[in-house]
Amino acid sequence: MIALVYFNVSNAVGRGVGSIGSILASEGYAFAFYNTLYHDLGYIRSGLIDHQYSVLMISVMTLGLDDVTAFVNDVRRYSDIPVMIGGIGPTSEPKRVLAAIPYPDIYVCVGEGEGPISEWLKALGDKDECRQVRGIGYRDDSGQAVINPTYPLESLDKLPRFVWEMFPRDVVCSNGASYVSATRGCPYNCTYCANGVYLRTYGGKGYVRSRPVGQVIEEMEDLKQRFQTEFFYFSDEMALSDPLYAKQLFLTIADKLALPYGIMARPEALTPEMVAVLKDTGCQYLGIGVECGDEKFRRTYLNRNMSNDKIREAFQLTKEAGLFRASYNMLGFPVGNDDEITESTRQLTREIRPDFAQFTIFYPFPGTKLYTRCKEQDLIDPERVKETRSYYQESCLRGKSVRAVADAMDKEFNPNGLTFRR
């Protein structure tokens, strides 16, 4: 029996851990799924120490890594259970994870996990064979961290049905809305985004992939029938990265489901033709990445190469189409003129007049260019990092306070909160 533990930081379906659970189910493994939002760590620990499970597998984001290493060390003091840890956290810092857990049979998955996990489980019991699996890291007999070559990218049409039953019904469909995914990956390398870690892991080539449209529609129809979903939100990082695929998908949604949906999009992808497709096929919600109002800073510092004029055009086009438009912005950059950057964001937001403006607080994610800059300049406060579990909380940079500014911006632009209604 496998214990699959999701160190969760938000009340949402975990696509990564869900995909691993789907692999386990499709290959006939018995497993118990634990979500730390609902299951007490002491309870999980007891089952592991009492030898109810033969393998411990953990999925974790960056903000939960310290909790994971503490938990595994606690378990391994009393048990010799083999452990596999995956997610963007260990993908970004595999050697840090291995160094923090000084026990044998500790493994990390580096990159996407479906293929490596499948091979690793088959090899479990043979140390030499386990250590040959691509896409994993481990400590060798001398204690040195070894990171194996990357596992080849999976074709998304080969993946098994997603096991939605792993998650509570009211999370799969919250107030009539379900999150779905049609693509995987993002071709851009923004300096603050952990996506750059995956781009480097896979060399960029072929990283962005799409599921067959028929497979996506079948999943959506299943959710509509079983959970009474009335609205779909595509959590894809780049739903419009392939305009031809996106057009085919959205036209099929309109034809087969006739239900409204929402997506995330970059301003430069919102051409008049694409906006017309979105309007005609039932798109109602757009989350548009702006990040900040200073065009030069956005280009040179964030590697976001769109002009303010393009942002204005995208918001005007989508307003005329009657779409609900949310702008996604970031505050608290690790620069001396951050107050000026914030003011430029305020001014641009006033110009584009989004229906909702989101303001998150910059967090230096390991593996990103801005993380490296922050480390080199000793800007990160270790104590604040320990307390940070969300980029909505407060800056983890030394001497920087952003929460009050974010609250003031939210009050100015969202006096009635999020007002989107399907």
(message) Out of everything in the stretch 336-363 that is open to solvent by 20 Å² or more (accessible area, probe 1.4 Å) and among the aromatic types (Phe, Trp, Tyr), what residue ends up being modelled with the lowest pLDDT?
(response) Tyr363
(message) Checking the conditions here, which among Asn73, Asn11 is touching a Leu at 6+ places or on another chain (Cβ under 7 Å) and either of a type in the set (Lys, Arg) or open to solvent by 20 Å² or more (accessible area, probe 1.4 Å) (or both)?
(response) Asn11
(message) One residue is enough: does the stretch 70-83 have a residue meeting the conditions charged (D, E, K, R) and touching a strand residue (DSSP E or B) at 6+ places or on another chain (Cβ under 8 Å)?
(response) yes
(request) Could you check Glu412 against (1) closer than 30 Å to Thr69 by Cα; (2) open to solvent by 20 Å² or more (accessible area, probe 1.4 Å) and say which number it fails? (result) (1)
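So that you can scan it fast, the table gives a plain yes or no per residue for (1) touching a residue at least 24 places away in the same chain (Cβ under 8 Å); (2) open to solvent by 20 Å² or more (accessible area, probe 1.4 Å); (3) part of a helix (DSSP H, G or I):
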{"position": "Glu313", "(1), (2), (3)": "yes, yes, yes"}
{"position": "Leu317", "(1), (2), (3)": "yes, yes, yes"}
{"position": "Ala326", "(1), (2), (3)": "yes, no, no"}
{"position": "Pro334", "(1), (2), (3)": "yes, no, no"}
{"position": "Gly367", "(1), (2), (3)": "yes, yes, no"}
{"position": "Asp378", "(1), (2), (3)": "no, yes, no"}
(message) Considering only residues that are open to solvent by 20 Å² or more (accessible area, probe 1.4 Å), under 24 Å from Glu268 (Cα atoms) and in a helix (DSSP H, G or I), which ones fall in the stretch 169-199?
(response) Tyr198, Leu199
(request) Could you grab me the full set of residues in the stretch 277-300 that are touching a residue at least 12 places away in the same chain (Cβ under 8 Å), assigned to a helix (DSSP H, G or I) and open to solvent by 30 Å² or more (accessible area, probe 1.4 Å)? (result) Lys279, Asp280, Glu295
(request) Determine which member of the set Tyr29, Tyr78, Tyr103 is over 20 Å from Glu154 (Cα atoms), open to solvent by 30 Å² or more (accessible area, probe 1.4 Å) and in contact (Cβ under 8 Å) with a residue 60 or more places away in the chain. (result) Tyr29
(message) So the check is Cβ under 7 Å with 6+ separation or different chains; which pairs have a first residue in the stretch 177-188 that's polar (S, T, N, Q) and modelled with pLDDT of 90 or more and a second one that's in a strand (DSSP E or B) and surrounded by fewer than 19 Cβ atoms within 10 Å (Cβ to Cβ)?
(response) Thr183/Arg209
(request) Can you tell me which residue within the stretch 49-82, out of those that are of a type in the set (Ser, Thr, Tyr) and part of a helix (DSSP H, G or I), is nearest to the chain's Cα centre (by Cα)? (result) Thr62
(request) Within the stretch 217-232, work out how many residues are in contact with a strand residue (DSSP E or B) (Cβ under 7 Å, 6 or more places away or on another chain) and either outside any loop (DSSP other than H, G, I, E, B) or at pLDDT below 90 (or both). (result) 6
(request) State whether the residues of the stretch 389-409 include one that is open to solvent by less than 50 Å² (accessible area, probe 1.4 Å), out of contact with any Asp or Glu (no Cβ under 7 Å at 6 or more places or on another chain) and β-branched (Val, Ile, Thr). (result) no
(message) Checking the conditions here, which among Leu223, Leu240 is open to solvent by less than 20 Å² (accessible area, probe 1.4 Å), under 30 Å from Tyr363 (Cα atoms) and of a type outside the set (D, E, K, R)?
(response) Leu240
(message) Out of Lys122, Lys127, I need the residue that is open to solvent by 20 Å² or more (accessible area, probe 1.4 Å), within 22 Å of Gly18 (Cα to Cα) and out of contact with any Pro (no Cβ under 6 Å at 6 or more places or on another chain). Which one?
(response) Lys122
(request) Output the qualifying pairs, or none if there are none: Cβ atoms under 8 angstrom, residues six or more apart or on different chains, first residue in the stretch 38-56 and more than 19 Å from Asp66 (Cα to Cα) and open to solvent by 30 Å² or more (accessible area, probe 1.4 Å), second residue small (Gly, Ala, Ser) and assigned to a loop (DSSP other than H, G, I, E, B). (result) Ile49/Ser79; His51/Ser79
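The values are calculated or read from the model by the stated rules, or taken from the named source; none is laboratory data. Here the structure is a predicted model, which is why all the values come from computation and not from measurement. A quick note on method: Cβ atoms are made from the backbone with ideal geometry, for glycine too, and the neighbour counts reach across all protein chains shown. The area values use the complete protein model at the heavy-atom level, side chains included, leaving out ligands, DNA and RNA. Shrake-Rupley method; radii C 1.70, N 1.55, O 1.52, S 1.80 Å.
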